[in-house]
Ligand SMILES: *Cc1c(COP(=O)(O)O)cnc(C)c1O
């Protein structure tokens, strides 16, 4: 299957062959346990928590094919993918070097849970490669980055991250949720392990919570071993839904790329919008190492609204005036969602720290769905016009 294009793999890769009773879709094996002959060892026991049921295995094969990884496993959530991956590969006394400005759940894991287990977290800003080298210590075991930052949609030089990790003998882990396999190929860039919140683009239908870990076979095997103990396996029905969602991944993400670019251009042309954050808006300005790594930049963009008095207040009024876009966290589903990060994902930070990260109070994050770009632009245009700066 590896010689086929992503579109073909999305449809065909991983399915059970020969198919059961001719079924095109993988039937749901809604069972906790499987009959066992009594001979053989523990590894031959089939039990759904061990991620070795037919739905889990078929999904793992499809995820591996889509990311170009040697092996992959689905998990109960994106956070289960991240926690299990780190706990499988880092032990007490070792350190993890994280990109600063992480996804909230990962930030809490790094700053609260890992230190309690004797694992230290260091941070370096994504846009300053020199600081990465300074932040590496002799016992830095993993370098962990996010493909596209939230909510400012910043992209870093991933080649430089891989080079540094190889020099210092650290493993590389990338959270590629915001890029999806359509826009970024971390395995081809040399990353060791790739994690996803499959809740977002991979499933793409806003109807389940799941995660994925993909990577080199021996590293992935260690993750599955730890997953068996921590228990974050994905249930067969959710596996079925995720496998179905994956079949349309390339179609959906391409539409989301186009919608985000069209909206970014629309906002950039409005005098009542102070700033637009979307790397695709001016691709020529990106360093070549970054531009070459990304086929597209995904469906998320953010904008700072202009206001003579109170940009945050104007942002709230604009969000309330939208008819198509829904005020909700998350991304990657069919529906366009909007949030104001200062009151949602980054509400926990002191205002000064938030501003230091570049997150203005009037910043609005838009996670494009797969609707028509013209309809989305019309919705934002009427909301801005009704609430002038
Ligand atoms: C949503 C998200 C997560 C967490 O995923 P869940 O499926 O909600 O557990 C991790 N990383 C990123 C970048 C995310 O957007």
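The values are calculated or read from the model by the stated rules, or taken from the named source; none is laboratory data. Every value quoted in this text rests on a predicted model; they were computed, and no experiment measured them. Every residue, glycine as well, gets a Cβ built from its backbone with ideal geometry; the counts of neighbours run over all protein chains shown.
Checked across the stretch 348-363, the condition of being surrounded by 21 or more Cβ atoms within 10 Å (Cβ to Cβ) and closer than 30 Å to residue 242 by Cβ holds for no residue. None of 295, 323 is farther than 27 Å from residue 344 by Cβ, in a loop (DSSP other than H, G, I, E, B) and modelled with pLDDT of 95 or more except 295. Helices (runs of 4 or more DSSP H) fully within the stretch 49-167 that include at least 1 residues being away from the ligand (no atom under 16 Å from the Cβ), under 30 Å from residue 15 (Cβ atoms) and at pLDDT 95 or above: 54-67, 78-89.
Applying the set (1) surrounded by 16 or more Cβ atoms within 10 Å (Cβ to Cβ); (2) within 21 Å of the chain's Cα centre (by Cα); (3) part of a helix (DSSP H, G or I) to residue 318 leaves exactly one unmet item: (2). Among the residues of the stretch 327-339, just one is surrounded by fewer than 17 Cβ atoms within 10 Å (Cβ to Cβ) and not in a loop (DSSP other than H, G, I, E, B), namely 327. Picking from residues in the stretch 173-185 that are assigned to a strand (DSSP E or B) and more than 9 Å from the ligand (Cβ to nearest atom), the one that is nearest to residue 6 (Cα to Cα) is 174. Against the test of being more than 30 Å from residue 62 (Cβ to Cβ) and out of contact with any strand residue (DSSP E or B) (no Cβ under 6 Å at 6 or more places or on another chain), the options 302, 321 yield a single qualifying residue, 321.
Any residue at all in the stretch 185-196 that is surrounded by fewer than 23 Cβ atoms within 10 Å (Cβ to Cβ), within 26 Å of residue 252 (Cβ to Cβ) and touching a strand residue (DSSP E or B) at 6+ places or on another chain (Cβ under 7 Å)? Yes: the stretch 185-196 contains one or more residues that are surrounded by fewer than 23 Cβ atoms within 10 Å (Cβ to Cβ), within 26 Å of residue 252 (Cβ to Cβ) and touching a strand residue (DSSP E or B) at 6+ places or on another chain (Cβ under 7 Å).
For the stretch 340-385, a residue qualifies if it is within 16 Å of the ligand (Cβ to nearest atom) and in contact (Cβ under 8 Å) with a residue 60 or more places away in the chain, and the qualifying residues are 341, 345, 346, 348, 357, 359, 365, 366, 367, 368, 369. The criterion of at least 3 residues that are more than 14 Å from the ligand (Cβ to nearest atom) and touching a helix residue (DSSP H, G or I) at 6+ places or on another chain (Cβ under 6 Å) is met, among helices (runs of 4 or more DSSP H) falling completely within the stretch 186-265, by 217-230, 236-246. Which one is farthest from residue 250 (Cα to Cα) among residues in the stretch 1-26 that are assigned to a loop (DSSP other than H, G, I, E, B) and touching a residue at least 60 places away in the same chain (Cβ under 8 Å)? Among those residues, the one meeting the criterion is 26. Restricting attention to the stretch 250-265, the residues that are more than 15 Å from residue 374 (Cα to Cα) and surrounded by fewer than 21 Cβ atoms within 10 Å (Cβ to Cβ) total 3. Cβ-Cβ distances below 6 Å connect the following pairs, each with a first residue in the stretch 177-199 that is more than 17 Å from residue 86 (Cα to Cα), a second residue that is in a strand (DSSP E or B) and within 11 Å of the ligand (Cβ to nearest atom), and a separation of six or more residues or different chains: 186/174; 198/211; 198/212.
Quick grid of which residues meet (1) closer than 17 Å to residue 246 by Cα; (2) under 14 Å from the mean Cα position of the chain (by Cα):
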position	(1), (2)
59	yes, no
65	yes, no
73	yes, no
84	no, no
97	no, no
102	no, yes
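Cβ separations smaller than 7 Å between residues 6+ apart or across chains give the following pairs from the stretch 104-116 residues that are within 21 Å of residue 342 (Cα to Cα) to residues that are part of a helix (DSSP H, G or I) and within 14 Å of the ligand (Cβ to nearest atom): 105/79; 106/82; 109/82; 109/83. In the stretch 364-375, is there at least one residue being in a helix (DSSP H, G or I) and closer than 30 Å to residue 126 by Cα? No: zero hits.
Looking only at residues of the stretch 266-289 that are in contact with a helix residue (DSSP H, G or I) (Cβ under 7 Å, 6 or more places away or on another chain) and assigned to a strand (DSSP E or B), we find that the one that is surrounded by the fewest Cβ atoms within 10 Å (Cβ to Cβ) is 273. Every test in (1) part of a helix (DSSP H, G or I); (2) modelled with pLDDT of 95 or more; (3) over 26 Å from the mean Cα position of the chain (by Cα) is passed by residue 352 save one, and that test is (2). Close Cβ contacts (under 6 Å, 6 or more residues apart or on different chains) running from residues in the stretch 30-41 that are touching a residue at least 24 places away in the same chain (Cβ under 8 Å) to residues that are surrounded by 11 or more Cβ atoms within 10 Å (Cβ to Cβ) comprise 30/236.
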